[in-house]
There are 2 protein chains.
Amino acid sequence: MTITNEKMRFWSPEVRELEPYVPGEQPKIQNLLKLNTNENPYPPSPKVVEALEKQLSNQADVLRLYPDPDASVLKEAIAQQQKIQADHIFVGNGSDEVLAHIFKAFFQQEEPVLYSDITYSFYPVYSQFFNTQTKVIPLNEHFEIDIRDYQQPNGGIIITNPNAPTSIALPLSEIEKLLKDHPNRVVVIDEAYVDFGAESAVSLVAHYENLVVCQTTSKSRSLAGLRVGYAIAQPHLIAALETVKNSFNSYPIDRLAIAAAVASFEDQPYFEAHCNKVIESREKLIADLKILDFDVLPSKANFIFTSHQHEKANILAEKLREQGVIVRYFNKPRIDNFLRITIGTDEENKRLVDSLKDILETV
Amino acid sequence: MTITNEKMRFWSPEVRELEPYVPGEQPKIQNLLKLNTNENPYPPSPKVVEALEKQLSNQADVLRLYPDPDASVLKEAIAQQQKIQADHIFVGNGSDEVLAHIFKAFFQQEEPVLYSDITYSFYPVYSQFFNTQTKVIPLNEHFEIDIRDYQQPNGGIIITNPNAPTSIALPLSEIEKLLKDHPNRVVVIDEAYVDFGAESAVSLVAHYENLVVCQTTSKSRSLAGLRVGYAIAQPHLIAALETVKNSFNSYPIDRLAIAAAVASFEDQPYFEAHCNKVIESREKLIADLKILDFDVLPSKANFIFTSHQHEKANILAEKLREQGVIVRYFNKPRIDNFLRITIGTDEENKRLVDSLKDILETV
């Protein structure tokens, strides 16, 4: 929509300049193979359905009451699963909201927050939203984070690990070095994809007063539809996040989302089994794609980042779409010849590979 | 928790100064009569449960997918019920989030936003959060808004109507005058309680390019547990809210909340019948309290604001609590001898009146 200058007078001046985040499409088409937003191909634990059914008994009478603004039962469930105390947990309406609060709570400093040139594209949006100074640190030529590049004055550091959309993980030893290098600044490790094979920094939380780890139930717990994210850190950092949250929205997580997420954290065997399934399918898919002359970055996520040795990524993405397969293409410097492809079930991955075979034979 | 100065170094400087909102308690005690947070005493429409059950079929497979970031089916359902076009609707994670986005989208101006001294206590918190200039306009001696007091340079106006915690409604004709008085500023009418007998300003949206109406499903639709609020305005104002929202959190409303809210908006007879029940119970409660020497402000909300002719409000609140009845008491200038009491069912109101009789006989 175009808004006339005359009507723009109602907008706050700085909002006129905002450039919002653009989420991956959620097309409403049947029979589409949707490999573009890194959702889990498996449903959540059956315990989640049981917990939700329980909330709906007695005419859903419970829905008329506000949820617990602190979501304490959810914090307890996460704490148990993560083997940490509940006062080390902050919860929010998806990890996007948690990250927004992180930018407000820690990164409004005189020095710039550092993040890499190729990473979650919401970080520059939050920075603009909260008027945060930023400095972009390029990944090295192998699309890896080199923590030596971060040795400079800063107002905080945020790293996605495994990184998105590259899928490459940073070893825990490197993260620990980073924490030691910057003892007076908050270092945030955004672990949206960590459960698919990378090393989590949660084990370092007890030892580093400057570490915030951010995770989500949207990927490894198949709850993207319910919007529950969380942060793990020492209590003096959690308190900053609570202060921000309670100055913005007291009740961000609804009763059904709380009940569902609790049930998910309580079913560890289902969680582990289904993460392993995705990891196995990923390795099989990578092998299949290499046969078709795709180069694939080493992935520890539930997606891969790949380029073909001969065919252009944007052309492949278009032709896949014609076959009803949607993958994510970023028309951005350095990565404009790559595709980000979510790991599906083995059957779905086979359909992707068959479609690609088809396309590559006819170009 | 006390945080040492040394650990405070990690917080953004301006977050160290924030004074968060304090929501009404959500005590986890059985048999408590909870008349402190203006929840509806009736459950949501049975259609809500049906819609949620449908989402849970097939192992809740649908929860693994992100919700529609635009929640378009919900916007359509609200538009139908409100008899307005869907491009006039913005939805958020409870009206608290909608209000936060409103402060960012419209009120970061050089001149101060105006609101009354006695009103929703989250407004000063949002103002601090977004560094908004503010000017507080006292209610008149009858606790009413006098719109002539708002005739001064401003960066926007926000009015709760009916006002909280006073329960008094401003007539639509006065709101229309306000809109005409300030054609270059956004006027927000926060109608959280409008469905219990006040006149909604939604009928003015088509005629005023500076009007934003904010409503919620938490009170009149018995969905406080699910966090769905919305704003109604012309598209050039909705666009500002979408810009802010998409710079903060793309998917604020989850799939279950969307499905439940849609079902609620589609069941107009249930909605009307239960609003009327609350209104009838309110009038009966007011009559009963007047017999006990309570003065009650004229209420158009699902709560009343009352003071006793002889006994102190804080003492009454304490003694009610001893009897397992919780009401809201604000220890603030001008209103520190009032109680805000949510309307319950007739049975619940009778328990309240009986408790008060008991208390008044023994003091």
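Throughout, read-outs are computed from the coordinates displayed, never taken from laboratory work. Bear in mind that the values here come from a model prediction, so they are computed numbers and not experimental data. Quick reminder, even Gly has a Cβ in these numbers, built from the backbone with ideal geometry, and neighbours come from all protein chains shown.
Some notes on this structure:
- 3J(HN,Hα) along region B:328-341, derived from phi through the Karplus expression 6.51 cos²θ - 1.76 cosθ + 1.60 where θ = phi - 60°, amounts to 9, 10, 10, 7, 9, x, 6, 10, 7, 10, 10, 10, 9, 10 Hz, with x in place of Gly and Pro.
- Modelled spin-label separation between B:R148 and A:E347, with each label point placed 7 Å from Cα along the Cα-to-Cβ direction: 7.4 nm.
- Per-residue mean of foreign Cβ neighbours for B:98-108 is 3 (Cβ atoms of other chains, 10 Å radius).
- Using the Cβ-Cβ distance between B:D117 and B:Q26 with R0 set to 30 Å, the FRET efficiency from 1/(1 + (r/R0)^6) comes to roughly 0.65.
- Note on B:D358 and B:K47: with the Förster distance fixed at 56 Å, the Cβ-Cβ geometry gives a FRET efficiency of about 0.90.
- Mean per-residue shielding of peptide B:23-35 is 2, counting Cβ atoms of other chains within 10 Å of each Cβ.
- A straight line joining the Cα centroids of region A:117-159 and region A:335-363 runs 30 Å.
- Near A:I137, the amide H atoms lying under 5 Å from its own belong to A:Y115, A:S116, A:D117; only residues 5 or more places off or on other chains count, and H is placed 1.01 Å from N.
- Two-site label geometry, A:D336 and B:K135: point separation in nm, points 7 Å out along Cα→Cβ: 5.1 nm
- Summed side-chain charge close to B:H308 - residues other than B:H308 whose Cβ falls under 15 Å, Lys, Arg +1, Asp, Glu -1: -3
- Partner chain coverage, peptide B:209-219 - average Cβ within 10 angstrom: 1
- Annotation: the residues A:T217, A:T243, sorted from fewest to most other C-beta atoms within 10 Å of their own C-beta, follow the order A:T243, A:T217.
- Global form of region A:58-106, assessed from the alpha-carbon gyration tensor, a/c cut-off 1.5: oblate
- Residue-averaged 222 nm ellipticity for the protein assembly as shown, from DSSP H runs of 4+ at -39500 (n - 2.57), nearest 500: -11000 deg cm²/dmol
- Calculated FRET value between B:D295 and A:S203, using beta carbons and R₀ = 56 Å, to 0.05: 0.35
- Modelled this way, with points 7 Å down the Cα-to-C-beta line, the labels at A:R9 and A:Q81 are 5.2 nm from one another.
- Shape of chain B, Cα gyration tensor, a/c cut at 1.5: rounded
- Rounded if a/c under 1.5, otherwise prolate or oblate - region A:241-363, Cα gyration tensor axes: prolate
- Local electrostatic count, B:P252, Cβ distance below 10 Å [Lys/Arg +1, Asp/Glu -1]: -1
- Cβ-based net charge around A:I343, under 14 Å, with every Lys or Arg adding one and every Asp or Glu removing one: +3
- Considering only beta bridges that DSSP places wholly inside region A:125-264, some 40 percent are antiparallel.
- Stretch gain in nm, segment B:E280-B:E266, where the contour uses 0.36 nm per residue and the Cα spacing is subtracted: 2.7 nm
- With the highest mean first, a sort of the peptides B:75-87, B:190-202, A:201-213 on other beta-carbon atoms found within 10 angstrom per residue produces B:190-202, A:201-213, B:75-87.
- Residues of type lysines that B:K350 reaches as a straight line, Cα spacing below 22 Å, ignoring anything fewer than 8 places off in the same chain: B:K34, B:K219, B:K277, B:K284, B:K290, B:K300, B:K312, B:K319
- Overall, region A:46-267 carries a charge dipole of about 360 debye about its Cα centre when +1 sits on the Cβ of Lys and Arg and -1 on the Cβ of Asp and Glu, all other atoms neutral.
- Under the span-like rule (Cα at least 30 Å along the axis, Kyte-Doolittle mean at least -0.5), DSSP H helices of chain A: A:268-291
- Think of region A:46-267 as having a plus end and a minus end, set by charges on the Cβ of Lys, Arg, Asp and Glu; of A:A86, A:V113, A:C214, A:A86 sits farthest toward the positive end of this dipole.
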